[in-house]
Every structure is written in C-alpha cells, then in structure tokens.
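Step one of this worksheet: look at the structure below.
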C-alpha cells in the first residue's frame, strides 16, 4: 500500500514537473518567424509580428540561402541577410553558421548582378564571429539602392584568421523588402564606425 501511494505521488510529481518544463520551453511568438507572422516578397520574408513593447511590427526582412562556403569548412551551410532598423538606424546583417573572422582582421565585399563590385566595405563583425553588419548610413544607402533593382548577390568575407567566406543569394523582391523595412527608418548618410575605437 505504502509503495503504491509512493508511486502515485512520484507519478504526479513527474507529471507536474513535465507540465512546468513544457510551459517554460514554449517560445514567445514575438521572437521567431513563421508563416502566420510574415509575408513573402519574392525570396524575402518580411516580419509582421507586433513588438510586445511598442505594439508595432518589428521592421525586419530576411533572405536565406543554402549556398555559403568557407575555406576551412568542408560543406556548404545556410546564410541569411537581414534588413532591419536598430536604434532608429538601418542595418544590414549577414549571419553564417561558421566563424567568418574577427572585427579587426576581416574585410567585406559584395556584388549585385553584373554591377561593379564593392570591396573593403565599412562593416563590423559581432562577438561570436558569425555575424557581420553594415551600419554606416552612406554604405547602407548604396547597398539598398543596388539591391532594389537586382536579381542576385554574392557576398565575400576575407579574414586573416578564418579564411575566405562566400555566399550567393537570389534577391528577387528586394525593393518590396526595402520599402517595408525602411519606410520609417531611411538609409541616409551617417558617420562611419571606426573599427579601432573599441568600447
């Protein structure tokens, strides 16, 4: 009898713990994209989820590819471009699934279609070494201007400590993504961040 009661109590405790754990592991819907909270623009996915603080949708559009490579990694991996507005400034964010180098020894280049390429683009590698961002206003304006009328993009990062990274994107729908994200966050000229100035 005692053993039966003990087993029942243990079973209830485990069930309660599982319920609490399950509730804790449910992600807030405002932190991830799904079909219900995004709209498509060509190959882009435009975020429509309202921010729980401001009540307005997060200004963000993402474009994914399965074709990114690094000279130190044997297989291709996914990569993502994100257009977003952060601290009332437009940002272009490239994220990878492998390390691309550190801030002081990496160099970003890109080219749309058959337009002239851009090398040594003002940019910054974030901690974790898998994300590089364009923050300079004039550079963002140039990038989005070319993106609006382009079908393809190749991005290259050269690094002294992480080799060379290349990613290819199909950019159809870029103008719609730009208009949606930057409507209230225009890409205007601004000061370029000095990589040597560390916080």
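Any read-out appearing in this document is the output of simple, stated calculations on the displayed coordinates, not a laboratory observation. This is a predicted model, so every value here is computed, not measured. So basically every Cβ, Gly included, is an ideal-geometry build from the backbone, and we count neighbours across all protein chains shown.
Numbers for the structure displayed
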item: Gain on full stretching of the segment that runs from residue 97 to residue 170 - 0.36 nm per residue minus C-alpha separation; result: 24.4 nm
item: Potential lengthening between residue 56 and residue 77 on full extension [0.36 nm per residue; Cα-Cα distance subtracted]; result: 4.3 nm
item: Length released on extending from residue 119 to residue 48, taking residue separation times 0.36 nm less the Cα-Cα span; result: 22.2 nm
item: For 168, 113, order by how many other beta-carbon atoms lie within 10 Å, fewest first; result: 113, 168
item: Packing-based exposure ordering (other Cβ within 10 Å, fewest first) of 160, 147; result: 160, 147
item: Residue order, fewest to most surrounding Cβ atoms within 10 angstrom, among 157, 80; result: 80, 157
